[in-house]
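Right, one structure below, let's go through it.
The values are calculated or read from the model by the stated rules, or taken from the named source; none is laboratory data. Everything numeric in this text was worked out from a predicted model, so none of it was measured. Positions of Cβ are generated from backbone atoms using ideal geometry, with glycine treated the same way; all protein chains shown enter the neighbour counts. The protein model used for the area step is the full one, side chains on, heavy atoms only, and it has no ligands, DNA or RNA in it. Shrake-Rupley method; radii C 1.70, N 1.55, O 1.52, S 1.80 Å.
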Amino acid sequence: MKPIPTPKSPPPDVLRCAYMELVVTDLARSRAFYADVLGLTVTEEDETTVSLRTIDEFIHHNLVLRRGPVAAVAAFSYRVRSPEDLDKAVAFYTELGCRVERNENGFTNGIGDSVRVQDPLGFPLEFFHDVQHVDRLSWRYDLHVPGALVRLDHFNQVTPDVPLAVKHMEDLNFRVTEDIQDDQGVTYAAWMRRKPTVHDTAMTGGDGPRMHHVAFATHEKHNILSICDKLGSLRMSDHIERGPGRHGVSNAFYLYLRDPDGHRVEIYTQDYYTGDPDNPVVTWDVHDNQRRDWWGTPVVPSWYTDASLVLDLDGKPQPVAARTEESELEVTIGADGFSYTRKGDDEGELPAWKQGEYKLGNQL
């Protein structure tokens, strides 16, 4: 990919990731998964769309499900500080030569004046400020379920060139909190934030542009375990792709699920504060088998390979470009890959039950 210039126009002042618009092929089945199983609150719905929100949210929605022919992401949406920031978004992306559309009435119900762009990385981004307020349900304990989802936490985007993506997001005043590299200087993933947590989005190296996952937070670890128990009771355990566990990166407790269309959803809790200007960046060695799971549990191959398509502003799937640098899967669990528990250990020093787990052929 060609270098992305830094615009002279100032970027919009992004507050936080606010919502994702997902295209789903079976609206009723997806509604049941997100509302009945995961417990998101339906704010509004009609024959083609369902708007849902988390317990602590006061804006209209954190997730929009829209029926369509191809399962994909229609928008990664960010809230900005003021209405004037929409003018900045238009100028910023117009200078980059990106396609830009503005809708004074919003692209989804409950959202006001909004700007959507196809960014230089190929992702459909939205920026908005005006929004309909709704009841925050934090004190409605009569409505809380054991696995209550309390806020939208982050997005995760798959892109072939992570440093290129990081540089562009830094032009939007996002800051890196953690990344994964090797001793040759290859960057495999980076976590970037606007709000003072580990990330509002992450850039994961792979074939893209695609969406790796959207993440919702719970208050405590036990909420995540309750979701696992509920899925087991409903005989829906096949929706669990990975976890539960604790990440090395972010230090958060996690669970990865797949929705009826295969969109990946992370349930996430207990990362850390990053708001100080001198917050240090944490860099992980790609061969450290505790980076992705602090307990050393192997990552299932699908977690590295599978991701959702993203749409252009006409609603057509974006073409996917291949990553040219080595993948994290190849260098860790591929035929010539390796992982360690203690840096400097030979692979043969891993217990026999661990050696098999860290090779793709043995997993398969």
- Note on the structure: Quick shape check on the chain: root eigenvalues a ≥ b ≥ c of the Cα gyration tensor, a/c under 1.5 is rounded, otherwise prolate if a/b tops b/c, else oblate, and it reads oblate
- Note on the structure: Two pseudo-spin positions, 7 Å from Cα along C-beta at Tyr141 and at Asp278, lie apart in nanometres by 4.2 nm
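Please give the charge dipole size of the chain, origin at the Cα centre, charges +1 on K and R Cβ atoms and -1 on D and E Cβ atoms. Round to the nearest 20 debye.
Working: 38 positive and 58 negative charges, 99 e Å.
Charge dipole of the chain: 480 debye, to the nearest 20.
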- Amide H neighbours of Asp293 under 5 Å, counting only residues 5+ apart in sequence or on other chains, H built in-plane at 1.01 Å? Gly248
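Please report the antiparallel percentage of DSSP beta bridges with both residues in the chain, rounded to the nearest 5.
Working: 58 of 83 bridges.
So the antiparallel bridges amount to about 70 percent of the total.
As a test of reading the structure, rank His247, His129 by solvent-accessible area (1.4 Å probe, protein chains only), most first. Could the numbers behind the result be given before it?
Details: His247 15, His129 40 Å².
Sorted descending by solvent-accessible area, the residues read His129, His247.
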- Calculated log₁₀ intensity ratio I(q)/I(0) where the Debye formula runs over C-alpha points of the range 197-261, q = 0.13, 0.19 Å⁻¹: -0.42, -0.87
- For the range 5-13, in residue order, the Karplus 3J(HN,Hα) values (coefficients 6.51, -1.76, 1.60; θ = phi - 60°; whole Hz; Gly and Pro = x) are x, 8, x, 6, 5, x, x, x, 8
- Item | Anchor Lys8: aspartates and glutamates whose Cα lies under 19 Å away (excluding residues fewer than 8 positions away in-chain) | Glu84, Asp85, Asp87, Glu95, Asp119, Glu170, Asp171
- Query: Given the protein chains as shown and a 1.4 Å probe, how many square angstrom of Lys230 are accessible, to the nearest 10?
  - Reply: 70 Å²
- Message: Shape verdict for the range 201-360, please, from the Cα gyration tensor: rounded (a/c under 1.5), prolate (a/b greater than b/c) or oblate.
- Response: rounded
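Once you wrap a convex hull around the alpha carbon atoms of the range 225-268, what is its projected area averaged over all directions, in nm²?
Details: hull surface 12.0 nm².
So the Cα hull casts an average projection of 3.0 nm².
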- Roughly speaking, what is the stretch gain from Val300 to Ser233, that is 0.36 nm per residue apart minus the C-alpha to C-alpha distance, in nm to one decimal? 21.8 nm
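Expressed in nm to one decimal, what extension gain is obtained for the pair Asp207 and Leu313 from 0.36 nm per residue of sequence separation less their Cα-Cα distance? The partial results should precede the final answer.
Numbers: separation 106, 0.36 × 106 = 38.16 nm, distance 2.02 nm.
Full extension from Asp207 to Leu313 adds 36.1 nm.
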- Query: If you plug each phi of the range 144-161 into the Karplus form 6.51 cos²θ - 1.76 cosθ + 1.60 with θ = phi - 60°, what whole-Hz ³J(HN,Hα) values come out, in order, with x for Gly and Pro?
  - Reply: 6, 9, x, x, 4, 8, 9, 6, 6, 9, 6, 9, 9, 10, 9, 9, x, 10
- Simple spin-label model, 7 Å along Cα-to-Cβ: Glu170 to Asp56 in nm? 3.0 nm
- Over the chain, what relative contact order in percent results from Cα pairs under 8 Å that are six or more residues apart? 16 percent
- List every residue whose amide H lies under 5 Å from the amide H of Ala189, counting only residues 5 or more places away in sequence or on a different chain, with H placed 1.01 Å from N in the peptide plane. Ile180, Gly205
- Note on the structure: Place a point 7 Å from the Cα of Met1 in the direction of its beta carbon; the residues of the range 100-127 whose amide N falls under 13 Å from it are 118-125
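If Glu170, Glu126 are ordered by their accessible area, calculated over protein heavy atoms with a 1.4 Å probe, which sequence runs from highest to lowest?
Numbers: Glu170 90, Glu126 0 Å².
These residues rank, largest area first, as Glu170, Glu126.
Accessible area, 1.4 Å probe, largest first: how do Asp229, Asp345, Asp293 sort?
On the way: Asp229 105, Asp345 50, Asp293 0 Å².
Largest accessible area first, the list is Asp229, Asp345, Asp293.
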- Item | Rounded to whole Hz, the Karplus (6.51, -1.76, 1.60) HN-Hα couplings of the range 319-330, x for glycine and proline | x, 9, 9, 7, 6, 9, 7, 4, 8, 4, 5, 4
